[in-house]
1. So, residue 119, is that one within 30 Å of residue 1 (Cβ to Cβ), assigned by TED's automatic domain parsing to the domain that holds residue 147 and out of contact with any Asp or Glu (no Cβ under 7 Å at 6 or more places or on another chain) or not?
2. Being touching a helix residue (DSSP H, G or I) at 6+ places or on another chain (Cβ under 6 Å) and modelled with pLDDT of 95 or more narrows it down to one residue among 66, 109, 18, 113; which is it?
3. Out of curiosity, is residue 38 in a helix (DSSP H, G or I), surrounded by 14 or more Cβ atoms within 10 Å (Cβ to Cβ), of a type in the set (A, V, I, L, M) and in contact (Cβ under 8 Å) with a residue 12 or more places away in the chain?
4. Condition first: in contact with a Gly (Cβ under 8 Å, 6 or more places away or on another chain) and of a type in the set (A, V, I, L, M, F, W, C). Now tell me which residues in region 52-72 satisfy that.
5. Looking at region 98-119, which of its residues are more than 13 Å from the chain's Cα centre (by Cα), surrounded by fewer than 17 Cβ atoms within 10 Å (Cβ to Cβ) and more than 13 Å from residue 48 (Cα to Cα)?
6. Quick check: is even one residue across region 86-96 assigned to a helix (DSSP H, G or I), over 14 Å from residue 164 (Cα atoms) and small (Gly, Ala, Ser)?
7. How many of the residues in region 120-129 are buried (at least 18 other Cβ atoms within 10 Å of the Cβ) and farther than 20 Å from residue 71 by Cα?
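The values are calculated or read from the model by the stated rules, or taken from the named source; none is laboratory data. Bear in mind the structure is a predicted one, so any value in this text is a computation, not a measurement. Ideal geometry is used to build each Cβ from the backbone, glycine not excepted, and the neighbour counts take in all protein chains shown.
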Amino acid sequence: MELFEQRGYEQTTVAEIAARAGLTERTFFRHFSDKREVLFAGSEVLQERFVDAVADAPESLSAIGAVALGVHAAVTLLDAERGQEFARARQRIITENAELRERELIKMAGIAAALTRTLRERGVGEPAASLSAEMGVSVFRVAFERWVSDGNDRSLDELAEETLGSLAGVVG
């Protein structure tokens, strides 16, 4: 992360990343397919946490209620894993690079697709499954963007809850 911030994403090489981490390039490639994946490591865990919370939600909850539990599970993971300063640095790097922004959008689309499948498995029909999944990802994304913004000192979970409330106001 320090290298990306100091030198820029494009100028940082895998050899430099490996050397900074005390690894060989060969060892680096055992863990990551390319330098881009350094920024997206853990995406699978985030998706899994989100989906598992929806799958395990009480049957009595509506589709959006189950997705809200998924949002809270995902934000709790992010807040606990690396924290706000890491997330801010990562987001600055992603924002400055079109390829990374595209990768981020693909990650979010994958989470939405997985949530849609999970909601369908819970018996939620269309279009409710797709709409609920997409709204959950949007809430997550908006809360995250607010969390990493300069000057914010509120918790990610608090922002997620507020954003869920705003969604309810918009559709209610």
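1. Values: within 30 Å of residue 1 (Cβ to Cβ): no; assigned by TED's automatic domain parsing to the domain that holds residue 147: yes; out of contact with any Asp or Glu (no Cβ under 7 Å at 6 or more places or on another chain): yes.
Spelling it out, it is not the case that residue 119 is within 30 Å of residue 1 (Cβ to Cβ), assigned by TED's automatic domain parsing to the domain that holds residue 147 and out of contact with any Asp or Glu (no Cβ under 7 Å at 6 or more places or on another chain).
2. Working: 109 fails: touching a helix residue (DSSP H, G or I) at 6+ places or on another chain (Cβ under 6 Å); 18 fails: modelled with pLDDT of 95 or more; 113 fails: touching a helix residue (DSSP H, G or I) at 6+ places or on another chain (Cβ under 6 Å).
Exactly one of 66, 109, 18, 113 is touching a helix residue (DSSP H, G or I) at 6+ places or on another chain (Cβ under 6 Å) and modelled with pLDDT of 95 or more, namely 66.
3. Numbers: in a helix (DSSP H, G or I): yes; surrounded by 14 or more Cβ atoms within 10 Å (Cβ to Cβ): yes; of a type in the set (A, V, I, L, M): yes; in contact (Cβ under 8 Å) with a residue 12 or more places away in the chain: yes.
It is true that residue 38 is in a helix (DSSP H, G or I), surrounded by 14 or more Cβ atoms within 10 Å (Cβ to Cβ), of a type in the set (A, V, I, L, M) and in contact (Cβ under 8 Å) with a residue 12 or more places away in the chain.
4. If the condition is that a residue be in contact with a Gly (Cβ under 8 Å, 6 or more places away or on another chain) and of a type in the set (A, V, I, L, M, F, W, C), then 53, 54, 57, 64, 67, 68, 71 are the ones that fit.
5. Selection gives 98, 99, 102.
6. yes
7. Here is the first cut: in region 120-129, the ones buried (at least 18 other Cβ atoms within 10 Å of the Cβ) are 124, 129.
Applying the additional criterion that residues be farther than 20 Å from residue 71 by Cα yields none.
Selection size over region 120-129: 0.
Let's see how each residue does on (1) among the hydroxyl-bearing types (Ser, Thr, Tyr); (2) over 21 Å from residue 78 (Cβ atoms); (3) in contact (Cβ under 8 Å) with a residue 24 or more places away in the chain; (4) not in a helix (DSSP H, G or I):
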residue	(1), (2), (3), (4)
4	no, no, yes, no
12	yes, yes, no, yes
26	no, yes, no, no
49	no, no, yes, no
